[in-house]
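The values are calculated or read from the model by the stated rules, or taken from the named source; none is laboratory data. Being a predicted model, the structure only gives us computed values, none of them experimental. No Cβ is skipped: glycine too gets one built from the backbone with ideal geometry, and neighbour counts run over all protein chains shown.
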Amino acid sequence: MSTAYAAPLSFSLTEADALAQKAARGAGLGWGMAEEAGFAVRWLCGYGADGLGALLACLAAQRSMPHLAPGQVIGQGQGLLCPLHTGSVLLDSAEISDGPLAGPLQVAPLCQPLLMLPFLAQAASVLGQQLVVAYKAGTVALPGPAPLPVAPSALCGALRLGLGAPLGPEWRGPTARVPQGRAACDAATLAALELLALKTTVPATEASRRSGAGAGTNDND
């Protein structure tokens, strides 16, 4: 007897971004960090990586994952760091001439480190130089057209960051080229993310119905 496998569900990058933001907010992240989650998912999906799956795994670990403060970027012994907070800190530091990205930097192990790569690509655009990420199985230079390491275990362990070649004008600044494509995920991932997203909705109350939300208490029309 053959087993039928459902094809991955396909979404636009805008839809994936919006779902990621709502799911992150439903999982307890603030709106600012939820927007960062949407950006990371959109960027990864544009390169054909499983951004939505990585985000779901990250959100599932949020309760036990320490958040990152600026002075903890290279800290050890803190457990797995959050890739969204870590990436945000490193992106912010790219505008500092003598910041942590000015020289080789080792980053402690992260939960779902794939989610940090979009922030590094954006930081490289600010710096005007590629950021080279060395991991257990090789290296990846960001930003660039090369395929990303998408295996779940590819980026496990500590990562080492260093500056690479100067970027051409098409990769620099806020108008830098962004990947184009579509997002894909399986039905189980979609259902789990939508369940988190539902937590951002506010249940109707007697007061809200009386103030005009919904049909109200007298729906005889």
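Taking into account only those residues within the range 1-23 that are assigned to a loop (DSSP other than H, G, I, E, B) and modelled with pLDDT under 90, which is surrounded by the fewest Cβ atoms within 10 Å (Cβ to Cβ)?
M1
Can you pull out the residues in the range 91-141 that are surrounded by fewer than 24 Cβ atoms within 10 Å (Cβ to Cβ) and of a type in the set (F, W, Y)?
Scanning the range 91-141 gives a single hit, Y135.
Just give me the residues in the range 142-166 being crowded, with 20+ Cβ neighbours inside 10 Å and farther than 19 Å from G48 by Cα, in sequence order.
Across the range 142-166, the qualifying residues are L159, L161.
Find the residue count for the range 90-108, including only residues that are of a type in the set (D, E, K, R) and not in a helix (DSSP H, G or I).
Final tally of qualifying residues: 2.
Give the range 40-68 a look and list any residue that's in a helix (DSSP H, G or I) and at pLDDT below 85, or say none.
Once the filter is applied, which keeps residues that are in a helix (DSSP H, G or I) and at pLDDT below 85, the range 40-68 yields Q62, R63, S64.
I need a count of the residues in the range 122-148 that are over 16 Å from G164 (Cβ atoms) and not basic (K, R).
The qualifying residues number 2.
Pairs under 8 Å by beta carbon, first residue surrounded by 21 or more Cβ atoms within 10 Å (Cβ to Cβ) in the range 24-41, partner aromatic (F, W, Y) and assigned to a helix (DSSP H, G or I), six or more apart or different chains?
From the range 24-41, the pairs are E36/F119; A40/F119.
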